[in-house]
1. I'd like the residue in segment 101-126 that is within 23 Å of Met15 (Cα to Cα) and either at pLDDT below 95 or not basic (Lys, Arg) (or both) and, out of all such residues, is surrounded by the most Cβ atoms within 10 Å (Cβ to Cβ).
2. In the set Thr47, Thr68, which member is β-branched (Val, Ile, Thr), at pLDDT below 90 and over 15 Å from Gly130 (Cβ atoms)?
3. Between a first residue in segment 80-103 that is on the phi < 0 side of the Ramachandran plot and a second residue that is surrounded by fewer than 19 Cβ atoms within 10 Å (Cβ to Cβ) and not aliphatic (A, V, I, L, M), which pairs have beta carbons less than 6 Å apart while being 6 or more apart in sequence or on different chains?
4. State whether one or more residues within segment 64-73 are among the β-branched types (Val, Ile, Thr), within 19 Å of Trp5 (Cα to Cα) and free of Cβ contacts under 8 Å to residues at least 24 places away in the same chain.
5. What pairs can you find where one residue is in segment 133-144 and farther than 13 Å from Ala92 by Cα, the other is of a type in the set (A, V, I, L, M, F, W, C) and assigned to a helix (DSSP H, G or I), and their Cβ atoms are less than 6 Å apart, with a gap of 6+ or different chains?
6. Given Leu100, Leu136, which one is out of contact with any Pro (no Cβ under 6 Å at 6 or more places or on another chain) and either of a type outside the set (A, V, I, L, M, F, W, C) or closer than 26 Å to Pro77 by Cβ (or both)?
7. Output the residue which, of all residues in segment 28-57 that are in contact with a Gly (Cβ under 8 Å, 6 or more places away or on another chain) and among the small types (Gly, Ala, Ser), is surrounded by the most Cβ atoms within 10 Å (Cβ to Cβ).
Amino acid sequence: MNHFWLFVHLLGFTMWLGAGVGAMFVAIAARSEDRAALAVVARSLATMHRKVIAPGAVLAVVSGLVLTFQMSNMAAPSAWLMAMQGAGLVGALLNLAVMLPTASRAARIDPTGPDGAFFDELRNRMRVVGMIAGTLGLIALIAGAMVR
C-alpha cells in the first residue's frame with residue numbers, strides 16, 4: 001500500500017508543478033497578445049488551475065499526509081522531511097485558496113470592458129502568488145529529494 005501512496009504523491013506534485021510551469025509560460029507568452037485575446041488566455045489558465053493544478057495539489061497533500069502517518073512510528077523526522085511537508089502544504093494552500101478563485105474570477109471578466117483594471121489587478125495577483133506557490137513547490141521537491 002505504501003507504493004500506491006508514493007505513486008499518488010509523485011503523480012500529484014507532477015501534475016501540480018508541471019501544469020504550474022506550463023501556466024507560467026502561457027502567461028508569459030500572453031504578454032505580447034492584444035487585450036481581446038487575454039480573455040481566452042484567462043479562461044485557459046482557469047481551466048488548467050481547476051482541472052490539473054488544484055487536483056494535483058490535493059493529491060500531493062493528501063498522499064503526503066497518508067505517507068506521514070504511515071511513518072509516524074519512526075524516530076524523529078529529518079529537517080528535510082519537515083521542510084518538504086511545510087513548503088508543500090503552504091504552496092498547495094496558496095494554490096487552492098488564492099490562485100484557483102482568482103483564476104476563476106479573471107476568466108469571468110472581459111479584459112476590454114469596464115472591469116479591465118480589475119482584470120489587470122487579478123492578473124498581477126496571480127503572477128505574485130503563482131511565483132510564491134511555485135517556489136514553495138520547488139523547495140518541497142528539492143527537500144523531498146534530499147530526504148532519501
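1. Keep residues of segment 101-126 that are within 23 Å of Met15 (Cα to Cα), which gives 101-107, 123, 125-126.
Next, only the ones that are either at pLDDT below 95 or not basic (Lys, Arg) (or both) stay: 101-104, 106-107, 123, 126.
Values: Pro101: 13, Thr102: 21, Ala103: 27, Ser104: 17, Ala106: 24, Ala107: 20, Arg123: 21, Met126: 22.
Across segment 101-126, the extreme among qualifying residues is Ala103.
2. Thr68
3. From residues that are on the phi < 0 side of the Ramachandran plot, the pairs are Thr102/Arg125.
4. Yes: one or more hits.
5. As it stands, the answer is Ala143/Trp80; Ala143/Ala83; Ala143/Met84; Gly144/Met84, since those pairs meet every condition given.
6. Working: Leu100 fails: either of a type outside the set (A, V, I, L, M, F, W, C) or closer than 26 Å to Pro77 by Cβ (or both).
Matching residue, one of Leu100, Leu136: Leu136.
7. Ala57
The values are calculated or read from the model by the stated rules, or taken from the named source; none is laboratory data. Just so we're clear, the structure is a prediction, and the values are computed from it rather than from any experiment. Cβ atoms come from the backbone with ideal geometry, glycine included; neighbour counts cover every protein chain shown.
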